[in-house]
Amino acid sequence: TPKRRIAEMPGFDEILNLPTGSLTLEQLDAMLNTIPMELTFVDTDDINRYVNDGSDMKLFKRPLMALGREVYSCHPPKIEPMVRSVIEQFRTGTRDAIDIWSTRDNQPVLVKYMAVRDKDGRYIGTLECVQPMGFAEKHFSKDK
């Protein structure tokens, strides 16, 4: 699926009224793409609904064809049971977040999974945030 420019989308300049402010779709898209991490949102039905599109190098490729598909189909079979377990723990409320530290291209990476809940605490999805942490390692090593 080719990416569309935000200005080509219906309602791109309409105001989205949120509880703590308002933004246009264009502003929200730009803001989410500016955050220095990869964001993926999976809805309550375990369907990939959103990935941000920052200009930085992506550690985990997020093809647009994954949108609208079950999150499990986008993971290697050996880690699918772990993904299912995490999402089920979020759904049942036994867990709200999990951090997974790893390395990629010889730099530390934090992958944080968080349950997304509405104001009443109902599970509405999972947010995955992938953040290269090499910048922190470099920052703290300067002081030594």
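Here the accessible area is traced with a 1.4 Å probe on the protein chains. For the chain, carbon and sulfur cover 56 percent of it. Distances between placed amide hydrogens fall under 5 Å for R69 paired with N48, all partners being 5 or more residues away or on another chain. Modelled spin labels at Y72 and Y123, positioned 7 Å past Cα toward Cβ, are 1.4 nm from each other. Counting lysine pairs in the chain that sit 8 or more residues apart in sequence, or on different chains, and whose Cα atoms lie under 19 Å apart gives 5.
Dimensions of the chain along the principal axes, based on C-alpha atoms and rounded to the nearest Å, stand at 49, 38, 33, largest first.
The values are calculated or read from the model by the stated rules, or taken from the named source; none is laboratory data. These numbers come from a predicted model, not from an experiment. We place every Cβ from the backbone using ideal geometry, glycine too, and count neighbours over all the protein chains shown. Just so you know, the surface numbers come from the protein's heavy atoms only, side chains and all, with ligands and any DNA or RNA stripped out. Shrake-Rupley method; radii C 1.70, N 1.55, O 1.52, S 1.80 Å.
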